[in-house]
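Participant: Right, I'll just put the structure down here and ask away after.
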Amino acid sequence: MTAEMPEQIAVAPGAASVCFPWTHASTVVAALAAVQTTLTSQLEARPLMVAALADWAGAYRDDFDLAHGRLTTVASGLAEAAALRAANVVTAAEDANDEQLVLNQRALLEELNILTEPASSGSGGSW
Amino acid sequence: MTIHQQPGLRSSSADPFVLSTYVTNATAMTTTLSQNVLALTDAAEALSAAGEAIPGLADFVASVTDLTGDWYHLDEFTGDVANGFLATLEPGYRPDGSPMVLTVDDRTLDGLGGIGFADRDQAVAAAEELAADYQLVLDAVADGDPLVWDPPGSDGAELSLEQMERMAGLLEGYGDDPAFAVTFTEALGVSGIIGMRDMYLTYAREARDVDRPRDHPWTEDGIATWVDEQMAGTAVVLHTAMDTRRDTASRTEPDNADLAGTDRLADDWVDSFETYGGDAQLDYSLLVVEADLPADVLVAVGDNHLGDHFGHADRGPDDDYSGLDSARPPTTEADLNIAAAIAANPDASLGWLTGDGIAAGTDTVDLVLTTPDIAPDMYTAFADIVDTGLTHPTDDTGRGELMEQTIRIVGDPTSGGIHAPAGASPDEVEDAADAMRQAFGHGAAANMDVLHTMITDDWGHAVSGEVPSEDALATHDFLRESMADEAVADRVAAGYVTYAVEQLGPDNLPEPGVDSSPGDLLDDRRELLQQIGTLEGTIVRAENNALVGSVEERIAEQQARGRSVNAGIDIAAFFAGTAPGYGGLVVGGVDTATDVAGVSVGELFFPVDESALDAAEEEATASEGRANVNFATLNALAKGAEAAPIDPTDGVSDDERLAYEAWLIENHYDGPAHDAMIAGASHAEIFENRR
């Protein structure tokens, strides 16, 4: 199953925004999922279709079987690879979220520091 | 060099309908995958453009794109096998659903189906290998190195005849595979592909010189035939490669319409081919003929190589004008080949004539029909293109527009007519002009609807007797120019009859009383009947004007010769040529005649041939009468009548006339319709004596 994109973490007030193309990334993940689904379904359907060609025999059939076998192997590998590539995109998105969290926290801390920092006083003695 | 297997003595068996069903379903699956991959490609490119690089994504996209192409190639291969089987069936055969397994030998299957490689990667590898082998031979030709295996002097790089022929055989055998064809063509390049013919020719001549194989009959004719045979593979490969282009409109292999961009012949390769300006123009032109190229490529080739005949630059070698009277270049065999290739392709003929690729803003048909002094053989070749364009087999609106344009050009009173070539013998001029007349006649017969419209539109002559439109005048003059030839006149007449019968048929002729333009004097039925009559009347009068005009011209020409004679040309020698046996007797007579003031020698020796003119004018009058009689026959035929029992225009006896009238009555003779057509024909009297 193809990985799912995480929810984008909102940018906290005062925090810098992480530059990550969320829309494009979502589109790529969806497209990879579609490719994987199609490859998987066709890997199931094609053998059944080929089975109906029982009456086809000869040198051209031999060539067909060799090519079909090779392409089936490639398609199988790519169906798995599609999931891996989608996971890569999701990982990149998660990394972007993590980075945003850090920036959000930093912004919050900065704001808190401003609130708790004592006001500066003039010269004076101690008591 | 790898020895590839070719279909030999093996056979294949299959149920072709089951195989076809598989191909349909498999192709649909591949199309779905292709759409998914396209969406992924776009999305990945957008993500990359946004600055986000995902490890392995670009390679994945490339791999799945490649897989899609491989599936498509396998589906196409399977479809070609299915087509090979299906081609062995009787035309129109319909399956009844029961299993049907055919067995066909693989050589036949390959020939019928154009079967290539099942595996696209193998096709590409085979093409790259064969291209590399050919490149070695082409390089040897360029370097002047020996080509023929001739031990003990050969160093192993040369080829035996068997090897040479095997390479050509592989090319021809694999050339139907689009992946093979594109790879091979691009690997060799334009100059390499064009250089193949010279390579074979060089090989054959060297083989003859070194007597290899021993005692092989290398005659000049034999060499030419051998070269043509070897070139068959090159033509197949180029044709297949061109068939993969996105811009190719009419494909040999319909599946090529859905190829991925990377699997198509590159546009810049095609551009280089279309604009080839190298020295091997003849070899290039032969390949243009042999490869059955797409129409738009042929048009571009024509634009780039035939312009010099109209005074424009082209890609051919600089022409040698020395010793010529004409400002036009001599015709080369290459030019004739290119013109013939265009003329063999209706789409190309139509496209070339209606395009302005030679002179921007001026359609090529205008150049063809108005440029003076085109060499006669080139003019004849252009006439073939005009013929093919005007008779394009489909009801293409472009054909009708070309017909209109041709009529307006030829019928132009200031510069129209047939611009027969000059600077050639009278026979050559007449042959060339006649070729163009034939083209015009064929065009008129095929586009009678255009003539109908051009003559009758904007000519509101029904009652008020308005003058014909400019288009009507031009159409008459066009017909007059064309119908100076009897065969053309017959062709136009036959075309009119076919058209008229169709127009007068119950499916087309409006019912009485139907009036789409209320307020004018005629209902739709009578208007159409009159128009058909005017159409025939115009054709008849144009033919008559051509007939009488040609007699007058002949007389004037003879008289002009007489006047030329009077101007001092060697009278006896000249006259002996025109009136064998009379030369000596004439000389004294001419000298005497010139002493008599006011005597025209021309008229003296070539008097107006009253009898010839009388006969021509009598024929003209009779033909108009026959046309009126024909209207009744046409109406009967339009109602589905069998042929008339007699020709009513051919001096009939009383009994024959009665039989004809009985036939008319039996086929619902329509007197008012007949009268309307005669009335329409009479409007064409305005063309009387328009010569």
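Participant: Is it the case that segment B:404-422 has a residue that's among the charged types (D, E, K, R), surrounded by fewer than 19 Cβ atoms within 10 Å (Cβ to Cβ) and within 17 Å of the chain's Cα centre (by Cα)?
Facilitator: Among the residues of segment B:404-422, not one is among the charged types (D, E, K, R), surrounded by fewer than 19 Cβ atoms within 10 Å (Cβ to Cβ) and within 17 Å of the chain's Cα centre (by Cα), which makes the answer no.
Participant: Answer yes if at least one residue in segment B:93-101 is in a loop (DSSP other than H, G, I, E, B), touching a strand residue (DSSP E or B) at 6+ places or on another chain (Cβ under 6 Å) and touching a residue at least 24 places away in the same chain (Cβ under 8 Å), and no otherwise.
Facilitator: The answer is yes, given that some residue of segment B:93-101 is in a loop (DSSP other than H, G, I, E, B), touching a strand residue (DSSP E or B) at 6+ places or on another chain (Cβ under 6 Å) and touching a residue at least 24 places away in the same chain (Cβ under 8 Å).
Participant: Same structure, new question: Among all residue pairs at least 6 apart or on different chains, which show Cβ distances below 8 Å where the first residue, located in segment B:224-242, is assigned to a helix (DSSP H, G or I) and the second is surrounded by fewer than 23 Cβ atoms within 10 Å (Cβ to Cβ) and of a type in the set (S, T, Y)?
Facilitator: Hits for this filter: B:H239/B:T252; B:T240/B:T252; B:M242/B:T248.
Participant: Assess whether B:S98 counts as being open to solvent by 10 Å² or more (accessible area, probe 1.4 Å), of a type in the set (S, T, Y) and within 9 Å of chain A (Cβ to nearest Cβ).
Facilitator: no
Participant: For segment A:21-45, which residues satisfy the criterion of being open to solvent by less than 20 Å² (accessible area, probe 1.4 Å) and either farther than 15 Å from B:L47 by Cβ or in contact (Cβ under 8 Å) with a residue 40 or more places away in the chain (or both)?
Facilitator: Listed by number, the residues that qualify are A:A25, A:V28, A:V29, A:L32, A:V35, A:T38, A:L39, A:Q42.
Participant: Another question, then. Among residues belonging to segment B:115-143 that are open to solvent by 40 Å² or more (accessible area, probe 1.4 Å) and of a type in the set (D, E, K, R), point out the one that is farthest from the other protein chains (Cβ to nearest Cβ).
Facilitator: B:D143
Participant: Please go through segment B:369-403 and pick out each residue that is of a type in the set (V, I, T) and buried (at least 24 other Cβ atoms within 10 Å of the Cβ).
Facilitator: Result: B:I374, B:I385, B:V386, B:T388.
Participant: If you check A:A81, A:A67, which single one turns out to be in a helix (DSSP H, G or I), facing chain B (nearest Cβ under 7 Å) and either among the charged types (D, E, K, R) or in contact with a Gly (Cβ under 8 Å, 6 or more places away or on another chain) (or both)?
Facilitator: None of the others qualify; the one that does is A:A81.
Participant: In segment B:28-78, which residues are within 45 Å of the chain's Cα centre (by Cα), under 14 Å from A:A30 (Cβ atoms) and at the interface with chain A (Cβ under 7 Å from one of its Cβ atoms)?
Facilitator: Of everything in segment B:28-78, those that are within 45 Å of the chain's Cα centre (by Cα), under 14 Å from A:A30 (Cβ atoms) and at the interface with chain A (Cβ under 7 Å from one of its Cβ atoms) turn out to be B:N36, B:V37, B:A39, B:L40.
Participant: From B:R214, B:R205, grab the single residue that is charged (D, E, K, R), farther than 30 Å from B:T65 by Cα, in contact with a helix residue (DSSP H, G or I) (Cβ under 8 Å, 6 or more places away or on another chain) and open to solvent by 20 Å² or more (accessible area, probe 1.4 Å). Quick ask: steps written out before the conclusion?
Facilitator: Working: B:R214 fails: in contact with a helix residue (DSSP H, G or I) (Cβ under 8 Å, 6 or more places away or on another chain).
When all the criteria are applied, what remains is B:R205.
Participant: When you check B:A681 against the structure, is it surrounded by 15 or more Cβ atoms within 10 Å (Cβ to Cβ) and closer than 30 Å to B:D523 by Cα, yes or no?
Facilitator: Numbers: surrounded by 15 or more Cβ atoms within 10 Å (Cβ to Cβ): yes; closer than 30 Å to B:D523 by Cα: yes.
Considered against the rule, which asks whether it is surrounded by 15 or more Cβ atoms within 10 Å (Cβ to Cβ) and closer than 30 Å to B:D523 by Cα, B:A681 comes out as yes.
The values are calculated or read from the model by the stated rules, or taken from the named source; none is laboratory data. All of these numbers come straight from a predicted model, not from anything done at the bench. When we count neighbours, we look across all protein chains shown, and the Cβ atoms used for this are built from the backbone with ideal geometry, even at glycine. Side chains are part of the model used for accessible areas, which takes the heavy atoms of the whole protein and leaves out ligands, DNA and RNA. Shrake-Rupley method; radii C 1.70, N 1.55, O 1.52, S 1.80 Å.
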